[in-house]
Structures are given as C-alpha cells and as structure tokens.
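Input: a single structure, listed below in structure tokens.
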Amino acid sequence: MQKGLSIVSILVFILGVGLVGCRTDQLPGYQIIYTVGNEGLYLHKTASDTTILLAELKGNLIDGSLSFINDSMVMVGYIVPYENWPLRIKNLSSLFDTSTNVDTMAKYQSEFSGKNLMKFEEFLAIDVKQHKQWVDHTIYYNLENDTLKVVTTTFTPAGEILAEKDSSIECRSWSYSGGLIKFCDDQGRFYSESAWVDGLQAFTSQGDVYLREADTTRLLIKSDIGFDPKFGSGYYEPTLSNDGKKVLVRYLPGFLRPGSCIMEVDIATGEKQVVVYGDYRNPLYAPDGQYILLKHQKGELYLMDIETQKLTFVDEVGMFIVK
C-alpha cells in the first residue's frame with residue numbers, strides 16, 4: 001500500500017511540473033484603450049475578452065494624442081470644427097485666411113501651406129474608472145507668415161480657467177520634395193520618437209534610429225538602403241521596452257519593395273531580429289514584455305506572443321495604448 005501511494009505521488013508530481021511548464025491560451029490581464037474612427041474611446045480587457053465604451057468623441061481626432069495621465073486617467077485630443085470654435089476665437093476669424101487642410105493637421109507634425117492658418121484643438125481628460133470626462137486644455141494656433149502663434153489654456157475639472165500661456169514657433173523648415181510646404185519643427189515629415197523610459201528615449205530621423213539620454217544623443221542603427229524623402233524608407237515608429245534594454249521599430253524597405261516588417265533591436269549590442277513580417281505599424285510592448293501590440297495597415301489591432309508569434313485579433317482601431 002505504501003509503495004502504491006509513493007508511485008501515485010511521483011506521478012502527480014511529474015504531471016504537476018508538466019502543467020506548470022506548459023503555456024496556455026489565456027491572455028494576461030492587459031487593459032487596451034483605443035479609438036474607433038472619430039466616434040468613441042473603448043476599453044478592452046484581454047483576460048475576460050470584454051470591451052466597453054469609455055466616452056463618445058467628436059471632431060477629428062489628433063493622431064498620437066491618446067496617452068495616459070496616470071493609472072486611472074487618459075487624455076485624447078481632437079480638432080474642433082471651425083463652426084464650433086468658442087466665440088472669443090471666432091471673432092478673430094475675419095483677420096485671417098483659413099487653410100483648406102485645417103482638419104488634417106496634427107499638433108506636432110503639422111504641414112502648412114503658404115496661407116495663414118487658424119486651428120483650435122481640445123484635449124479631453126477621461127477617468128477610466130468613473131467614466132467621467134472634461135476638457136483639460138485647449139490649444140489655438142494661428143500661422144502668420146513664418147511664425148506659428150500658440151495659445152494654450154488649461155482648465156479645472158469644473159471648467160474654470162486654470163492658466164493661459166502664449167508661445168510661438170518659427171516655421172522655416174521646408175519639405176524635402178519642395179513646393180510651398182512648411183514644417184513648424186526641425187524634425188521633418190518622417191521623424192518619430194518613443195516615450196521616455198528611465199531617462200532614455202529612442203527616436204528616428206530620415207530612416208536612422210538614435211538614442212537620447214540626458215544631454216547626449218548617439219546613433220543606434222544606420223539605415224543601409226538610403227532615405228526616400230517622398231515615401232519613406234528605413235526605420236520608424238520606435239518604442240522602448242519597459243526595462244529600456246530593447247527597442248521595437250517599423251522597417252520600410254522603400255516604395256513598392258517587399259520586406260516590410262517589425263524588428264526588435266538589442267540596445268547593448270545593436271543586434272536586430274525580425275519579430276514579424278508584413279504591413280504592421282505602431283509596435284508597442286505590453287507591460288510585462290511577453291506580448292507586443294501591432295496595428296496592421298488595414299486597421300486591425302493584434303496582440304502577438306513574442307515567443308510563439310501567435311497573433312490574437314483585438315479590434316479595428318485608430319490609436320491605442322495599453323497597461
């Protein structure tokens with residue numbers, strides 16, 4: 001009897017070890033917050049595979065404006081339609097010409113024609129837990145020749161003005177392709193940067209990848225195919241891992257050339273490894289580093305297991321963040 005029990009115990013132990021070592025199809029408990037068109041902000045919980053509407057949105061959303069304020073609040077911005085501008089702004093409209101591409105220009109990567117421009121943006125703060133929202137701040141832009149004048153107004157949750165700041169940006173950088181197109185920054189059209197992680201930031205410029213730390217900047221990867229100023233080529237859309245040891249980048253081989261992919265780069269060694277081939281963009285590490293989020297060119301958002309490369313469809317989205 002004692003011998004029989006010991007054999008059963010051994011079998012149970014071996015089976016238990018085997019189960020612990022196996023991977024399951026259960027996704028970790030991520031919370032993915034994303035936009036769908038210009039209509040709404042949604043929260044998807046991966047563990048329960050459930051999705052809820054956090055807030056209805058209005059206007060044209062500003063690309064790249066979705067971000068976390070803290071663990072329970074997010075922010076998203078949109079361009080206010082011209083006819084809905086506040087009265088104090090609208091009264092100034094007779095002084096300036098309005099560009100036809102008002103609804104397509106984002107806050108930082110803005111291209112302006114030779115005309116003067118007026119634009120008004122609102123940024124909403126949204127409490128994810130309590131499903132409350134309010135206008136956190138507004139930004140009013142007016143381009144006069146080569147100077148972009150900016151007025152930023154910050155509000156309390158009750159709608160009272162907390163602060164107002166005037167600033168200006170010199171718009172003297174021209175498009176690589178020529179023509180009457182100005183950039184109101186020095187980065188140009190194909191510049192992109194990651195969030196800061198432990199004092200480190202990755203950014204791309206003209207297809208190359210750089211690392212920025214304190215007051216120093218160094219080249220991490222040099223594109224070996226040259227730079228295509230019209231369609232883009234090389235490395236773009238960097239995102240740092242949470243431990244700051246690796247960076248994901250989108251690789252473009254050039255116009256109509258095969259080989260588009262998402263790569264992972266070891267910062268210490270500079271070694272590159274293809275994570276997945278295809279027309280994916282905006283790679284983003286999940287909090288634990290086991291999965292990455294990828295958006296396909298057609299708009300589908302996927303969670304990919306880095307180890308198995310299994311893709312799990314989430315939804316068709318615009319912008320997205322995860323925690």
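The values are calculated or read from the model by the stated rules, or taken from the named source; none is laboratory data. It should be emphasised that the depicted structure is a prediction, and the values quoted were computed from it without experimental measurement. Cβ sites come from the backbone with ideal geometry, for glycine too, and all protein chains shown count toward neighbours.
Residue count for the range 244-256 under the criterion of being closer than 15 Å to Thr269 by Cβ and of a type outside the set (A, V, I, L, M): the result is 3. Per the listing Leu256, Leu248, the residue uniquely of a type in the set (A, V, I, L, M) and at pLDDT 95 or above is Leu248.
Scan the range 195-227 for residues that are among the aromatic types (Phe, Trp, Tyr) and in a strand (DSSP E or B) and the total you get is 2. Consider the range 287-322 and keep the residues that are among the β-branched types (Val, Ile, Thr) and in a strand (DSSP E or B). The one that is nearest to Leu61 (Cα to Cα) is Ile321. Of all the numbered requirements in (1) under 17 Å from Leu211 (Cβ atoms); (2) among the aliphatic types (A, V, I, L, M); (3) not in a loop (DSSP other than H, G, I, E, B), Ala268 misses one, and that requirement is (3). Just one of the listed residues (Gly244, Gly270) is in the same structural domain as Phe203 (by TED's automatic domain parsing) and surrounded by 14 or more Cβ atoms within 10 Å (Cβ to Cβ), namely Gly244. Scanning the range 186-206 for residues that are at pLDDT 90 or above, over 19 Å from Lys295 (Cα atoms) and among the small types (Gly, Ala, Ser) yields Gly199, Ala202.
Restricting Lys90, Lys58 to those that are in the same structural domain as Lys129 (by TED's automatic domain parsing) and at pLDDT below 90 reduces the list to Lys90. Scanning the range 296-322 for residues that are under 24 Å from Asp71 (Cβ atoms) and under 15 Å from the mean Cα position of the chain (by Cα), we see that the one that is surrounded by the fewest Cβ atoms within 10 Å (Cβ to Cβ) is Ile321.
What pairs can you find where one residue is in the range 118-147 and over 19 Å from Asn38 (Cα atoms), the other is among the small types (Gly, Ala, Ser) and buried (at least 20 other Cβ atoms within 10 Å of the Cβ), and their Cβ atoms are less than 7 Å apart, with a gap of 6+ or different chains? As it stands, the answer is none, since no pair meets every condition given.
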